[in-house]
1. For segment 99-106, check the following and say yes or no: at least one residue is at pLDDT 95 or above, over 16 Å from Lys144 (Cβ atoms) and surrounded by 11 or more Cβ atoms within 10 Å (Cβ to Cβ).
2. Please verify whether segment 90-104 includes one or more residues that are free of Cβ contacts under 8 Å to residues at least 12 places away in the same chain, over 23 Å from Phe137 (Cα atoms) and not β-branched (Val, Ile, Thr).
3. For a quick check of your reading: which strands (runs of 3 or more DSSP E) sit entirely within segment 79-174 and have at least 1 residues that are farther than 16 Å from Ile32 by Cβ and within 12 Å of the chain's Cα centre (by Cα)?
4. Test His132 against the criterion of being surrounded by 15 or more Cβ atoms within 10 Å (Cβ to Cβ) and of a type outside the set (Ser, Thr, Tyr), and give yes or no.
5. Across segment 57-78, what is the total count of residues that are β-branched (Val, Ile, Thr) and either in contact with a Lys or Arg (Cβ under 9 Å, 6 or more places away or on another chain) or in a strand (DSSP E or B) (or both)?
6. If we scan segment 135-147, do we find a residue that is within 21 Å of Asp40 (Cα to Cα), among the polar types (S, T, N, Q) and touching a Gly at 6+ places or on another chain (Cβ under 6 Å)?
7. Just to check your reading of the model, which residue among Thr103, Thr71, Thr87 is under 21 Å from Asp40 (Cβ atoms) and hydroxyl-bearing (Ser, Thr, Tyr)?
Amino acid sequence: MKKLILLGLAIVLSLNACKQQEKRYTQQSPEIDTYKKIIDAYNKQDWEAMTSHYADSAKIMNNVLEKDAITLAELVAVNKKDASFFTSWEYVDGQSDYEMVVTDKGKTYVNFWGTWKGTVAANNKTYTIPTHITAQFKDGKVIKEFGYWDLSKIMLDMQAMEQAAAAAVNDSIN
């Protein structure tokens, strides 16, 4: 009987511990909702709305190491400059996925996978690029953001257009 009582107590304690365990992985959270707002603001090029979800001291690492991080103001400047090269851009609706994870050290991250699509004004060519972004949250704000995507197709086409333009100028001079 003593063993049965101890077994019952162990089961109750185990169930109670499981109920109190914090959710470490989810696809629904306030942080995910915030990141969806960031993506929406980016699509609309609403930089004020986008940056309102970041801490003032946020570090942005898009295709660079953390030592080469840029500030939020620099991110906005880069995005504005990039936007001038495109007639349109967006993360394709229905082709995105979000998850939130809490690490063993208690850090909260939202992972985003999406398909970015943009049309370059100079050649009217549309590019579709798979993207991954991980944003670290603290107190409801993004404090670090790591973005990864391959721009090589766009860059090669831009270089080719520059070379063609330089050749045309050179031909007109000669």
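1. Looking for residues that are at pLDDT 95 or above, over 16 Å from Lys144 (Cβ atoms) and surrounded by 11 or more Cβ atoms within 10 Å (Cβ to Cβ), one finds at least one in segment 99-106, hence yes.
2. yes
3. Once the strands (runs of 3 or more DSSP E) in segment 79-174 are filtered for at least 1 residues that are farther than 16 Å from Ile32 by Cβ and within 12 Å of the chain's Cα centre (by Cα), what remains is 108-120, 126-138, 141-148.
4. So His132 does not fit the description; no.
5. Qualifying residue count, segment 57-78: 3.
6. Looking through segment 135-147, none of the residues is within 21 Å of Asp40 (Cα to Cα), among the polar types (S, T, N, Q) and touching a Gly at 6+ places or on another chain (Cβ under 6 Å).
7. Only one candidate passes the filter, namely Thr87.
The values are calculated or read from the model by the stated rules, or taken from the named source; none is laboratory data. Being a predicted model, the structure only gives us computed values, none of them experimental. Reconstructed Cβ throughout: ideal geometry from the backbone, glycine too, with neighbour counts over all protein chains shown.
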